[in-house]
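Colleague: Have a look at this one before I ask anything.
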Amino acid sequence: MGDVHPVRQPRTTGSTTENGRVIARSIRARLAKLDPGRLGRVRGEPRRLRDEADRGPEALGGGPRALDAGTEVVTYHNSWPNFLKRFKLVAAGYVEPKPGVPPSPAHTIELIDMMRAKKIR
């Protein structure tokens, strides 16, 4: 099946802020079991990460100047839908048009031509 996931997308790459919160809480819970004496050192980290994620692109340093809402981008394949939605970006195309299937030379040329025409970096 290549990279097709019939039930759901298993990646956390570029996932929603809520997924990050779940991951941070899970890590904290595990660290609390492994080393409860040091829990105080990691207690604030989920809160800090949540606050940065809630600020959106500005927290990444480049902010809207680097990628304005509506900016068209090209990704390798459709593995970033949550990231695109969160940062209000638009997928103009994919290098790999079908999951797990390498792009044909014709598709690659079409993609390059489209990127040049739309000035997608």
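Colleague: Between residue 31 and residue 84, take the C-beta separation as r, use R0 = 30 Å, and let me know the FRET efficiency to the nearest 0.05.
Modeller: 0.45
Colleague: Let me ask something additional. Given a Förster distance of 25 angstrom, what is the FRET efficiency for residue 23 paired with residue 120, based on the Cβ-Cβ distance and rounded to 0.05?
Modeller: Once the sixth-power term is evaluated, E becomes 0.20.
Colleague: Are there any trypsin sites (Lys or Arg not before Pro) in the stretch 71-115 that are in a DSSP loop and have at most 15 other Cβ atoms within 10 Å? List them by number.
Modeller: 88
Colleague: Arrange the peptides 89-97, 111-119 so that the one whose residues have, on average, the most other Cβ atoms within 10 Å appears first. Please report the intermediate quantities before stating the final value.
Modeller: Values: 89-97: 15.6, 111-119: 11.9.
Those peptides, ordered most packed to least, come out 89-97, 111-119.
Coordinate-derived values only; no laboratory data. All values reported here derive from a predicted model rather than from experimental measurement. When we count neighbours, we look across all protein chains shown, and the Cβ atoms used for this are built from the backbone with ideal geometry, even at glycine.
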